[in-house]
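Scroll down for the structure; my scribbles are underneath it.
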Amino acid sequence: MAHILNTPIVDSQKNIVVDGYGIMQPRIGVNLDISYKTLFTKIFAGAGGTDSYTNAISDIYQDNFQEGIFTGKGIYDLKTYETVLEKQIPENTVLSHDLLEGCYLRCGLVSDILLMDRLSNQIQ
């Protein structure tokens with residue numbers, strides 16, 4: 001986030017990030033021990049575990065438009081987040097805020113960082 005090329009530049013008229021990135025989207029992995037526990041995790045988790053060579057190394061939107069797609073887990077520039085999104089999305093008005101946040105804050109893909117999703121930790 002701290003690299004000079006990633007510094008978010010906010011258009012004060014539009015109130016959106018127009019250059020740099022307010023959010024960085026890493027690759028998301030799923031713990032191997034939960035990727036096979038339910039039909040849901042079998043379908044959506046893929047093989048599970050960490051396979052650095054076959055996971056996201058590129059993204060068509062990032063490659064062509066210098067902007068990624070935010071999926072809800074990432075690294076935020078909190079000052080920019082608060083500045084841009086304050087009072088922009090009224091509470092209980094949208095089902096999924098991730099795509100909206102990505103549109104306002106401009107998301108960059110960082111494929112060399114991997115976050116492990118523990119969403120299925122509660123699945124028995």
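Number of residues in region 83-111 that are touching a residue at least 60 places away in the same chain (Cβ under 8 Å) and not β-branched (Val, Ile, Thr) equals 11. When THR83 is tested against (1) closer than 19 Å to ASP19 by Cβ; (2) touching a Gly at 6+ places or on another chain (Cβ under 8 Å), only condition (2) is not met. Of all residues in region 98-113, those satisfying the criterion of being modelled with pLDDT of 85 or more and outside any helix (DSSP H, G or I) are ARG106, CYS107, GLY108, LEU109, VAL110.
Checked against (1) surrounded by fewer than 17 Cβ atoms within 10 Å (Cβ to Cβ); (2) modelled with pLDDT under 70, GLY48 passes all but condition (1).
Of everything in region 87-109 that is out of contact with any Ser or Thr (no Cβ under 9 Å at 6 or more places or on another chain) and acidic (Asp, Glu), the residue that is surrounded by the most Cβ atoms within 10 Å (Cβ to Cβ) is GLU101.
The set of residues in region 51-97 that are assigned to a helix (DSSP H, G or I), β-branched (Val, Ile, Thr) and modelled with pLDDT of 80 or more comprises THR80, THR83, VAL84.
The values are calculated or read from the model by the stated rules, or taken from the named source; none is laboratory data. Model, not experiment: these values are computed from the prediction. Cβ: placed from backbone, ideal geometry, glycine included. Neighbour counts: every protein chain shown.
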